[in-house]
Structures are given as structure tokens and as C-alpha cells.
Amino acid sequence: MAKTGTTTQGLREAIERSGYYPALVAEAVEAAVGGEPVASYLVHQETTFDSNEVRRHVTVLVLTRTRFLVSHTDEQAADGTSPSPYATTSTESVKLERISSVVLSRVVANPESYTPGTLPREVVLTIGWGAVSRLDMEPATCGDPNCEADHGYTGSATADDLSLRVSEAGDGPDTVRQTLAFAQALSEATAGATRVGPPQ
């Protein structure tokens, strides 16, 4: 389930509609937002299966005029550290200038007959701001299949701070639309926050 919108009151209502520990989630998110007006938001809840346990997780993304905020809340079963179930909530505030990439991957069915405006079957929103990077390495080669020299390694670094996947089948078409709308708002905001050339 995902909800998106543009007001602080709408954000609280979306968190409450998600039904996932709304008082806990709302308090954490509102404390991070502070007094800044909300430009756009996305509330996404997902359920995962871990062995014999069902776990829920909610991610709240908020865009203000100057910051991108991400909040995660997870529930945990009783374990060696706690005799009763518990939830963990974390929030991170990122200045828009720090966002290095906003990647939106779209999966469409029957691309040969695609019509502009058709809703993708699935979207993956990946946002990078330098907190987490993935490094993929492999042995380098020179192209000669008979060469036995050591050419070292080659690789690529990918910003992978946040990745959110939503699908029409699993989350519903409204969730896909809302993710597209938030991604567009964030892309536009980061473009406006990037200064090219020397300060005027």
C-alpha cells in the first residue's frame, strides 16, 4: 500500500491509513520533518516472509523544499534481547544537494505495442546520496583468449542507499502511479538544487 500527496496533514492521514503502528511512525516522521512544509510524500508498506515468520515493514519518503527524508519501521519478534515483540524506527534527513542519483526503472508488458501514458507493470525507485555504495568487481581481461597475464581487476560502484520496488500485481495500480509521481517530484527538486558553474 502506498499513498502520496503534498501536505503535512495528508502525510499523517496516509500513515494512519497504512495501519502500521501509525502513532509510532507519525511521531518519528513528524519530528524529522519539523516545521518545514511537505512538498511530496510516499508511504509504502510491504510484508516479507522470513522462515516461518511474517514481518511487516513501512517506508515513508518525504520531500521538503530543502531535504529528502526517509523513515523505516520494522517489527521484530521476541528474541534474546527482548522478551516481547518490538518495533524499530529510524529516520534519515538528506539535503537535496547531496542526492547524487534518482533512478526509476520501469517494466512494461508488450513493449512493441506500448502507448505513451500506459502504466508500467512494475517500477523500482533507487535513490543514492553516498551513504551506501555497492562495488561489483571482476578480473580484468585484455580480450585475447590465450593471454595468461594478470590484468588486475575492474569494477563498478553503484549508489544504492534506497531501493523501493512496487508492482501493479502486488501493490495495485494506484501505488505504481504514486511512486511515479514521487519520483518525478524528487527528480525535479534535485535538478533545482544542483548549481552548475561558479556561484553568481
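Based on what the data block shows, is residue 106 open to solvent by 50 Å² or more (accessible area, probe 1.4 Å), in a strand (DSSP E or B) and at pLDDT 95 or above?
yes
In the set 81, 88, 126, which member is exposed (fewer than 14 other Cβ atoms within 10 Å of the Cβ), modelled with pLDDT of 90 or more and β-branched (Val, Ile, Thr)?
Sole residue among the options that is exposed (fewer than 14 other Cβ atoms within 10 Å of the Cβ), modelled with pLDDT of 90 or more and β-branched (Val, Ile, Thr): 88.
Identify, from the list 136, 144, 171, 161, the residue that is modelled with pLDDT of 75 or more, of a type in the set (Asp, Glu) and more than 17 Å from the chain's Cα centre (by Cα).
Matching residue, one of 136, 144, 171, 161: 144.
Do you know which residues across the stretch 25-52 are part of a helix (DSSP H, G or I) and of a type in the set (Val, Ile, Thr)?
Selection gives 25, 29, 33.
The values are calculated or read from the model by the stated rules, or taken from the named source; none is laboratory data. The structure presented is a predicted model; accordingly, all values stated were derived computationally and were not measured. Glycine also receives a Cβ, built like all others from the backbone with ideal geometry; neighbour counts cover every protein chain displayed. Accessible surface is based on the protein model in full, side chains and every heavy atom, while ligands, DNA and RNA are left aside. Shrake-Rupley method; radii C 1.70, N 1.55, O 1.52, S 1.80 Å.
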